[in-house]
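**Student:** I'd like to ask you about the structure that follows.
The values are calculated or read from the model by the stated rules, or taken from the named source; none is laboratory data. Predicted, not measured: the structure shown is a model, and the values here were computed from it. When we count neighbours, we look across all protein chains shown, and the Cβ atoms used for this are built from the backbone with ideal geometry, even at glycine. Please note that ligands, DNA and RNA were not included when accessible areas were found on the heavy atoms of the full protein model with its side chains. Shrake-Rupley method; radii C 1.70, N 1.55, O 1.52, S 1.80 Å.
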Amino acid sequence: MSYVWAFLVGGLICVIGQLVFDLTVFTMGHVMVLFVVLGSVLTGLGLYEPLVKFAGAGASVPVSNFGYVLTSGVLKELELIGPWGALAGVFELGGGAIAAAIFFGFLFALLTRAKG
Amino acid sequence: MAQTKEQQKRAQEEYQRLARRHRPRPPLLRNALLAFLVGGAISAAGQGVLNFFVAQGLPPDKAGGPTAGVMVFLGAFLTALGVYDKIGQVGGAGSAIPITGFANSIVAAAIEFKTEGFVMGMAARMYQIAGPVITYGVTSAIVVGLLRFLIAGG
Amino acid sequence: MRRGVAVKRIGKQSVKFTSPPVITNTFSIVGPMEGQGPLGQRFDTVLEDTFYGEQTWEKTECKLLREAIFNVLNRAQLQPTDLDFILAGDLLDQIVSSNFALREVEAPFLGLYGACSTLAEGLATGAMLVDGGFADRVLVVTGSHHDTAERQYRFPTELGVQRPPTAQWTVTGAGSCLLQSQGKGPRVTCATLGRVIDLGSKDPNDMGTAMAPAAADTIRQHLRDFAKRPEDYDLIMTGDLGAVGVELVRVILRKDGIELGQQFQDGGLLIFDREQQDVHAGGSGCGCSAVVFAGHLFKLFAEGKLRRLLLAGTGALLSPLTYQQAESIPSVCHAVAIEVY
């Protein structure tokens, strides 16, 4: 069942993104930014965590999840270490994925070239 | 014959109205369906990776990080093979919104701009699309996090 | 009405040549995708891949221009030193592909920037130099490369972005034309130089809409300046308006009582098969009208299938900076009449 919900929820989030892309002047970069901010705001409202619990990868694979993990990191560290946590907590949970993207970007840039 | 600003503006508005009538619309339904299928498939693949880590004994809330790492690698790998841009042309937001799309945006730029050097080319410009995502993600996380902490107490 | 000595200046925006210069030779070189298109057999060289043995696409674009220059000279059995002028332009910042290609060509060089209208701009300028008595031989060359244009104007090539149906595909290819005061071939009889027109289009993924008003304006002005009708030409070919722009030109001119019939075609629509090739609204780029003319139309003249052509090159004069600053897209269209008689 976990696959079905992941497929449906992940797919639907992408459909929303596609509609924004097709019906506005936004580029895909704008849409990605919009989703990250939306994920963050939904986390602030306490709505994204239940979605992740329910849909698993359906909610954690879309880029809105970045907003969720970054905001969750801030909240966690605010609780633990106080005001400094607002900054120190940002990459606590989401840093791994960003580091992975940067590292693999570097690696593949060394190994390959653009094919067009 | 010199047009006044007013006339010029009216001519522009009139032409843009005309152009809108003749502009082909993106196939909304088809694009949405493809975004759904591609985005859904990538999410389901992510679920597979997540389930694998959980089966290895990781608690579900700790399995998200490594899952993201694996998905990033897959997106990066398909970009390096020159495949992800083809998926993107079909899948649209279905391949851009998942975290594999985020990886694609970094790796595509990194590969592309290495011709302008490994420091100011590849390393500087790999954040062309990912940079805004990170910038707004970080800013939003701090603002939203603080607001929630102050209002709801965490 | 006219003052001074400019006796060859006609109407509002046109010139008429008294000894029409001859296009004696052309050469075309294209990328693999253009080679698979409907005109694939018409091009002189088709590349196997988009790099052509170079490390960067910018170098490839430069090499395309160089090949177009030296091959057309070979055909005419001329040396670069035989040229009075060489006119060249491309899409890259500071027209570097042309500038760099010309490092190896010993001939006086004038750089042109007319975006995708560069071939028509070059033919008009070259014909004026020849008919004005300033030159006997002028070489006009221009080209573009899909991937250099993507890099400069849009996104990294490996980025998974979806192109909307109005988007066009920049042609990889270069075309050259040798204009001479004497010789065999079709002649450049007159030309209408376009004004910059901006009707407020802002979408860089919709060049057809941005350029259509310029194309319509120049075609209309050409017909007025010479008191001609569209039927006076066998073919009126715009450079790279694509499906969207072609339709708009028809609509705009219809309002002025000018009906463009079957003889109105577009280079961007001729070069690709939009059903089979993933090019959306059609081809674009400096190379588009250059290779369609040099590869296809020039041969139609030789085959006796074309006698009177109006080549209307269309260019969108934007830069990545201007659209980031939300400026609209100005456009220009230059038309040259090429005829055999």
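**Student:** Compute a Gaussian network model of chain C, connecting alpha carbons closer than 10 Å, and tell me which residue from C:Gly11, C:Gly53, C:Gly267 fluctuates the most.
**Tutor:** C:Gly53
**Student:** Sticking with this one: Looking at the stretch C:128-270, send over the antiparallel percent of its DSSP beta bridges, to the nearest 5. If you can, show how the numbers build up before the last one.
**Tutor:** Details: 8 of 11 bridges.
So the antiparallel bridges amount to about 75 percent of the total.
**Student:** Would you work out which of C:Val141, C:Gln221, B:Gly40 lies farthest towards the positive end of the dipole of the protein assembly as shown? Charges go on Cβ: Lys and Arg +1, Asp and Glu -1.
**Tutor:** Going by the Cα projections, it comes out as C:Gln221.
**Student:** Calculate the length of the line joining the C-alpha centroid of the stretch C:280-310 to that of the stretch C:120-140, in whole Å.
**Tutor:** Taking the Cα centre of each part, the stretch C:280-310 and the stretch C:120-140 sit 19 Å apart.
**Student:** With the cut-off at 19 Å, tell me which of the pairs C:Lys16/C:Lys305; C:Lys202/C:Lys255; A:Lys76/B:Lys62 have Cα atoms farther apart than that. Write down the numbers at each step before the final one.
**Tutor:** On the way: C:Lys16/C:Lys305 24 Å; C:Lys202/C:Lys255 24 Å; A:Lys76/B:Lys62 15 Å.
As for pairs spanning more than 19 Å Cα to Cα, those are C:Lys16/C:Lys305; C:Lys202/C:Lys255.
**Student:** Here's a follow-up. Would you mind giving the mean number of other chain beta-carbons within 10 Å of the Cβ of each residue in A:73-85, as a whole number? Provide the component values of the computation, followed by the final result.
**Tutor:** Details: counts 2, 10, 8, 2, 1, 8, 3, 1, 0, 1, 2, 0, 3.
Across A:73-85, the average partner-chain Cβ count within 10 Å equals 3.
**Student:** Quick one: net charge of C:Arg137's neighbours, Cβ under 9 Å, K/R +1, D/E -1? Could you put the intermediate results ahead of the total?
**Tutor:** Working: positive: none; negative: C:Asp82, C:Asp84, C:Asp136.
Value of the local net charge: -3.
**Student:** Tell me the net charge near C:Gly126. Cut-off is 11 Å between Cβ atoms, C:Gly126 excluded, with +1 for each Lys or Arg and -1 for each Asp or Glu.
**Tutor:** -2
**Student:** Which whole-number percentage describes the relative contact order of chain C, with Cα contacts under 8 Å and a sequence gap of 6 or more?
**Tutor:** Numbers: 871 pairs, mean separation 85.4, N = 341.
Across chain C, relative contact order equals 25 percent.
**Student:** Per-residue mean of other chain beta-carbon atoms within 10 angstrom of the beta-carbon, peptide A:30-41? All intermediate terms of the calculation are to be shown ahead of the outcome.
**Tutor:** Details: counts 1, 5, 12, 9, 2, 6, 11, 8, 1, 4, 10, 5.
Mean partner shielding for this stretch: 6.
**Student:** Hey, what's the Cα Rg ratio for the protein assembly as shown versus the globular rule of thumb, 2.2 N^0.38 Å? Display every interim value, and only then the final one.
**Tutor:** Values: Rg = 27.5 Å, N = 611, 2.2 N^0.38 = 25.2 Å.
Rg over 2.2 N^0.38 Å, computed on Cα atoms: 1.09.
**Student:** Ignoring ligands, DNA and RNA and using a 1.4 Å probe, state the total buried accessible area between B and A in Å², rounded to the nearest 100. Walk me through the numbers before you get to the answer.
**Tutor:** Values: alone 11350 and 8070 Å², together 14200 Å².
Buried area between the two chains comes out at roughly 5200 Å².
**Student:** If you don't mind, there's one more thing I want to ask. Any idea how far the Cα center of the stretch C:230-250 sits from the one of the stretch B:98-154, in Å?
**Tutor:** 44 Å
**Student:** Over chain C, average the accessible area per residue using a 1.4 Å probe and give it in Å², no decimals.
**Tutor:** Values: 12700 Å² over 341 residues.
In whole numbers, chain C has 37 Å² accessible per residue.
**Student:** What is the dipole size for the stretch B:29-152, taken about its Cα centre, with +1 at each Lys and Arg Cβ and -1 at each Asp and Glu Cβ, in debye to the nearest 20? Present the calculation step by step, with values, prior to reporting the outcome.
**Tutor:** Working: 6 positive and 4 negative charges, 25 e Å.
That gives a dipole near 120 debye.
**Student:** Cut-off 10 angstrom, C-alpha nodes, Gaussian network model of chain A. Which of A:Gly39, A:Gly58, A:Gly17 fluctuates the most?
**Tutor:** A:Gly17
**Student:** In nm, give the distance between the simple-model label positions of B:Leu81 and B:Gln12, each being 7 Å from the Cα along the Cα-to-Cβ direction.
**Tutor:** 4.7 nm
**Student:** Let me ask something additional. Tell me what chain C gives for mean residue ellipticity at 222 nm when only DSSP H runs of n ≥ 4 count, each as -39,500 (n - 2.57), the sum divided by the residue total, rounded to 500 deg cm²/dmol.
**Tutor:** Working: 11 runs with 104 residues, N = 341.
Rounded to the nearest 500, the figure is -9000 deg cm²/dmol.
**Student:** Please pull out the direction-averaged projected area of chain C, using the convex hull of its alpha-carbon atoms, in nm² to one decimal place. Write out the running numbers ahead of the final one.
**Tutor:** Values: hull surface 66.4 nm².
Value for chain C: 16.6 nm².
**Student:** Treating the Cα atoms of the stretch A:2-111 as identical point scatterers in vacuum, please give the log10 of the normalised Debye intensity I(q)/I(0) at q = 0.18, 0.20 Å⁻¹, two decimals.
**Tutor:** Debye intensities relative to I(0), on a log10 scale: -0.98, -1.10.
**Student:** May I ask you to order C:189-201, C:318-330, A:60-72 by the average number of other C-beta atoms within 10 Å around their residues, highest value first? All intermediate terms of the calculation are to be shown ahead of the outcome.
**Tutor:** Numbers: C:189-201: 21.5, C:318-330: 14.0, A:60-72: 29.7.
So the peptides C:189-201, C:318-330, A:60-72, ranked by packing, come out A:60-72, C:189-201, C:318-330.
**Student:** Sorting check: for C:331-339, C:42-50, B:43-51, C:252-260, which peptide has the highest mean count of neighbouring beta carbons within 10 Å, and how do the rest follow? Each step should come with its number before you reach the end.
**Tutor:** Numbers: C:331-339: 27.9, C:42-50: 18.0, B:43-51: 23.1, C:252-260: 14.4.
By packing density, highest mean first, the sequence is C:331-339, B:43-51, C:42-50, C:252-260.
**Student:** Counting partner chain Cβ atoms within 10 Å of every residue's Cβ in B:54-61, what's the average?
**Tutor:** Working: counts 2, 0, 0, 0, 0, 0, 3, 3.
Per residue, the average neighbour count from other chains is 1.
**Student:** For the protein assembly as shown, what % of the accessible area comes from carbon and sulfur atoms, probe 1.4 Å?
**Tutor:** Within the protein assembly as shown, the accessible surface is 60 percent carbon and sulfur.
**Student:** Looking at chain C as a GNM with Cα springs under 10 Å, which of C:Ser176, C:Ser98, C:Ser14 has the largest mean-square fluctuation?
**Tutor:** C:Ser14
**Student:** OK, next. To make sure I understand the rule: partners must be lysines, Cα under 27 Å from the Cα of C:Lys63, and not fewer than 8 residues away in the same chain. Which ones qualify?
**Tutor:** A:Lys115, B:Lys114, C:Lys299
**Student:** To the nearest 0.05, how large is the calculated FRET efficiency for C:Ala302 and C:Gln263 if R₀ is 25 Å and r is the Cβ-Cβ distance?
**Tutor:** Working: r = 19 Å, r/R0 = 0.78.
It comes to 0.80.
**Student:** Roughly speaking, what is the centre-to-centre gap between the stretch B:21-47 and the stretch A:23-41 when only Cα atoms are used, to the nearest Å?
**Tutor:** 16 Å
**Student:** Helix B:5-22 versus the longest principal axis of chain B: what angle, 0 to 90°, nearest 10, using Cα atoms?
**Tutor:** 60 degrees
**Student:** Order the peptides C:291-304, C:71-84 from the highest to the lowest mean number of other Cβ atoms within 10 Å of their residues. Show your work: numbers first, answer last.
**Tutor:** Working: C:291-304: 22.1, C:71-84: 16.0.
Packing order, densest peptide first, comes out as C:291-304, C:71-84.
**Student:** Another question, then. What are the principal axis extents of the Cα atoms in chain B, in Å, biggest first?
**Tutor:** 78, 47, 42
**Student:** While we're here: How much accessible area per residue does the stretch B:29-152 have, counting only protein heavy atoms and a probe of 1.4 Å, in square angstrom? Walk me through the numbers on the way to the answer.
**Tutor:** Values: 4980 Å² over 124 residues.
In whole numbers, the stretch B:29-152 has 40 Å² accessible per residue.
**Student:** A further question on this structure: Could you check what % of the DSSP bridge pairs in the protein assembly as shown are antiparallel, to the nearest 5?
**Tutor:** On the way: 38 of 57 bridges.
Roughly 65 percent of the DSSP beta bridges within the protein assembly as shown come out antiparallel.
**Student:** Report, for chain C, the % of DSSP beta bridges that are antiparallel, rounded to 5. Working shown, then result.
**Tutor:** Numbers: 37 of 56 bridges.
Just about 65 percent of them are antiparallel.
**Student:** Now, a different point. To the nearest 20 debye, what is the magnitude of the charge dipole of chain A about its Cα centre, counting +1 on the Cβ of each Lys and Arg and -1 on the Cβ of each Asp and Glu?
**Tutor:** I would put it at about 360 debye.
**Student:** Let me ask another. In the neighborhood of C:Arg195, defined by Cβ-to-Cβ distances under 11 Å, what is the net charge if each Lys or Arg adds +1 and each Asp or Glu adds -1?
**Tutor:** On the way: positive: C:Lys12; negative: C:Asp198, C:Asp217.
That works out to -1.
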